[in-house]
Structures are given as structure tokens and as C-alpha cells.
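Let me begin by presenting the structure, written as C-alpha cells, before commenting on it.
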Amino acid sequence: MVFFKQINIQTGERTHWIDIQSQVEAVVADSKIVSGICLVSSTHTTAGITINENADATVGRDVFWKLNQLVPCQDAYHHSEGNSDSHLKTSVVGLSVTVPVHHGKIIRGIWQAIYLCEFDGPRMRKINITVMGETAGP
Amino acid sequence: MVFFKQINIQTGERTHWIDIQSQVEAVVADSKIVSGICLVSSTHTTAGITINENADATVGRDVFWKLNQLVPCQDAYHHSEGNSDSHLKTSVVGLSVTVPVHHGKIIRGIWQAIYLCEFDGPRMRKINITVMGETAGP
Amino acid sequence: MVFFKQINIQTGERTHWIDIQSQVEAVVADSKIVSGICLVSSTHTTAGITINENADATVGRDVFWKLNQLVPCQDAYHHSEGNSDSHLKTSVVGLSVTVPVHHGKIIRGIWQAIYLCEFDGPRMRKINITVMGETAGP
């Protein structure tokens, strides 16, 4: 069984760390799949997806601050759109995460949440969610 | 249904950013799978796989230039083969991407393409493509 | 068919590069799945999963040394637990790897092994292994 849905997320800043765990969990519930995997993928090249701590907002702030220090917006880039840093940061954090689905739910660690990493916002972002596996028997 | 194929890509430089979208799409078409996922994985440890912009070649140039500035080839490394930077860069961009397959095609954003990231070429690289999902009904 | 198992790995240092290939292969063998994929995922936010060279231990040493130079433990972070570097490094190397399963085994390159990347140990880490695909016919 394969279930596919695209969701929209409006970001609010040039760089924005947004918890999308609840939106992804709603799609997994809709899918009726009880056992398998869930792939959460960005359809963009300047916004990525990662998993990180859901408890203390300073984690996301530190992650983005340090990443920005390593890959600054202004540098000796050739790409004319002024967002080469966004493209590199996206490949560094990755464009998707894949998580297990077990007993009808995403299996995650107690501190984990799935984050959309906006690196060139604010924009409306489209995220693809693919759930694949087994539904409950008849 | 699972369809597995290995493809070969010859790289031309020590670091080389190569669009492999069309080769991957050809394997998905061969698979006859209409709905599911496609996993594209490097069989190496000094060449990775990522997704990034397919329109302007300066993006790949900037991504590799900045990555090389952060992780230079020459540094106080212990590994004797002179490619410790290649190993780290590979883990940073990642060794595989997984993308949704829907209506028999890879679903991708308009600016997205799948790239082989060569970090220690030129070499012949082997890339595994695994397509898994449902074929059309009888 | 979906097979799910959680394994425990005890790490020994704050940063620790641990080959978990044999543990993952044992789960794939238990699953009886002959064709499909294997998802290896960290349930944490300060320990990641990657693939890299299994032959020369200086590779892991260089990878961690350089990563630590780029993202030092001590910096102008706001998160009070003193492990903001661990959170960023985890998102940089990634929290999971997905590998093909073919003829009942993980398909990997000759130099590849799956590594647990401990960035805030020593701790007992829980790793989820999800194998999905086809079992042999009757």
C-alpha cells in the first residue's frame, strides 16, 4: 500500500526552523498504514528537512546560527540570486527524512520532531509525504 | 514489487557535480512501478548523492567551492590516502536520496535534479537504484 | 512484508564512531526479506547514522576531528545543556541511512560500513531497524 499527499507550509523568515511533526502524523493517520515507512521530502532546493530536538527552542536557534556562521549568505559566490548559501545548507541538512511507521504511528525518539528548515524564505513550501507499508488485515 | 539496478557513471575531475536525473528516471520507467519510492545510493565512501538546482550551473560550482573551503583537501589529517576531505564531504551531503514515485514517475520539484557528488575522482562510480512499490493492476 | 527491531548500542566517549554493520545485517537476516530496503534510524537528536569507510580507522578519526573543528563544543550557543554542537553535527551527518536489500543481504560497496556517530556520549543508544520488501515465494 502506498499513500501520497502534498502539504503546504508557509514560512515566515529567511531562515526558519518549523516543527512539522503534527502535520506529518496526520497524514500517516489518514493513510491507514499500520506498518512501514514514511518519507517526508522537500520539493525545493533552498529548504530542507531534518529531525532534531522538539523541547528547547534554543536548539534550533543554535543550529541555524552556527550553520549560518559556516555558510554565510554573503561570500564570493557566482550564482546571481544571492542564495548560494541556502542551496548548500539544504544539501547539508538533507532534503528528506525517512522514519519507521509501527502500530499505525511514526516511531520517534522522545525528543525528536521533524523540522522544515527554511533557508531562503519567507515562502510557501510544498512538502511531499509518502507512506508505504501494510494496512491492517481484514 | 522491488526493482533493483546498478548504473555506472564516469566522473571527470577530482570534484564533479553530475546531474543523474535522466538515468534514474529511465530505471523508474523500466521498473513498471507506478506508486512507491526510489532509493538512489552511492556504493562508495568518497562520492555522495544529493538533490539540488538543475537550472543554473553556478549553484553546483558555489556549493562545491564553499564545501571545499570548509573541508580542504590538505589539512592535519591522519588518513594516508589524501582523501579525508572526500570522506567527510560524502557523509555531509549524504550517500543516498529517496524520492517518491507517483503515477509512474519520480515526483520532484520544478528546480530539482538528483546529483552525483564526486569528491575523489575521476573514477567510474557505481550507483544502486532501488524502486519499490505497486505496479498497475491487471 | 515489514520487519521492525530496535537494537541497543553502548557508546564509550563523548564522540564515538562505531561500526554497526554486523548488527544491522543480523536484523536483515532475521527478517527473511530477500528484496527491498533497510532503514537504520537513530531515535536521538545528538547521535546520527552514516556510511563511510570500514577499512582504515584513521578515516573516522579525521571525519570527527574536522567536524569538531568546524562545529566546536564551546561557542556562543544559547542552549543550556552544552551540546548544541552535538545537535548540529547530528543533522549534518543525518539521522538515518537507507540501503538496498537484494538476495537477502544488504547491498553495499566493498569499503562501506554503517556507522553510529555518537556526538554526546557516552550513552546507551537505541537504533531502529526497519526492513521492508518481499520474502521468498512459497
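What follows draws every value from the coordinates through simple rules; no lab data is involved. Note that the structure is predicted; figures quoted are calculated from it, not measured. When we count neighbours, we look across all protein chains shown, and the Cβ atoms used for this are built from the backbone with ideal geometry, even at glycine.
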TODO: Read phi for every residue in the range C:120-135 and hand back ³J(HN,Hα) as whole Hz from Karplus 6.51 cos²θ - 1.76 cosθ + 1.60, θ = phi - 60°, with x for Gly and Pro.
DONE: 8, x, x, 8, 8, 10, 9, 10, 8, 10, 10, 10, 9, x, 9, 8
- [ ] Return the long-range amide H neighbours of residue B:15 (sequence gap of 5 or more, or a different chain), with a cut-off of under 5 Å between placed amide H atoms.
- [x] B:121
Open item on the list: I need to check one value: relative contact order of chain B, counting alpha carbon pairs closer than 8 Å and at least 6 residues apart, in percent.
Closed with: 54
Open item on the list: Could you give each residue of the range C:24-39 its phi-based ³J(HN,Hα) in whole Hz, using Karplus coefficients 6.51, -1.76, 1.60 with θ = phi - 60°, and x for Gly or Pro?
Closed with: 5, 4, 5, 5, 4, 4, 4, 5, 6, 7, 9, 8, x, 9, 10, 9
TODO: Run the quick spin-label model on residue B:29 and residue A:68: label points 7 Å from Cα toward the beta carbon, then report their separation in nm to one decimal.
DONE: 4.4
Task: Expected-Rg normalisation [2.2 N^0.38 Å, Cα atoms] applied to the range A:57-138 - done: 1.46
- [ ] Round to a whole angstrom and tell me the spacing of the C-alpha centers of the range B:48-76 and the range C:7-71.
- [x] 24
Task: 16 Å cut-off, amide nitrogen to a point 7 angstrom out along residue A:81 Cα→Cβ, residues in the range A:11-40 - done: A:14-15
TODO: Quick one: dipole size for the protein assembly as shown, taken about the Cα centre, charges +1 on Lys/Arg Cβ and -1 on Asp/Glu Cβ, in debye to the nearest 20.
DONE: 840
TODO: Starting from the Kirkwood radius over alpha-carbon pairs of the range A:2-135, derive D by Stokes-Einstein at 4 °C in a medium of 1.567 mPa s and give it in µm² s⁻¹.
DONE: 84
Open item on the list: Taking the Cα of residue C:10, stepping 7 Å toward and past its beta carbon, and measuring to each backbone N in the range C:24-44: which are under 11 Å?
Closed with: none
Open item on the list: Suppose we flag GluC sites (Glu not before Pro) only when DSSP calls them loop and at most 15 other Cβ atoms lie within 10 Å. Which is the longest uninterrupted stretch of chain B?
Closed with: B:14-80
Task: Nearest-20 debye value, chain C charge dipole, Cβ charges on Lys, Arg, Asp, Glu - done: 280
TODO: Mind giving me the FRET efficiency for residue A:103 and residue B:136? R0 is 51 Å, r the Cβ-Cβ distance, nearest 0.05 is fine.
DONE: 0.95
Open item on the list: Return the equivalent ellipsoid semi-axes of the protein assembly as shown as a descending list in whole Å, where each equals the square root of 5 times an eigenvalue of the C-alpha gyration tensor.
Closed with: 29, 23, 23
- [ ] Measure up A:105/B:105; A:105/B:32; A:66/B:5; A:5/C:126; B:126/C:32 against 32 Å on the Cα-Cα distance and list the ones that go over.
- [x] A:66/B:5
- [ ] Please list, in chain and number order, the residues 5+ apart from residue B:20 or on another chain whose amide H is under 5 Å from its amide H, with Hs placed from the backbone.
- [x] B:114, B:115, B:116
TODO: Mind checking C:122-133 for the average number of partner chain beta-carbons within 10 Å of each residue's beta-carbon?
DONE: 3
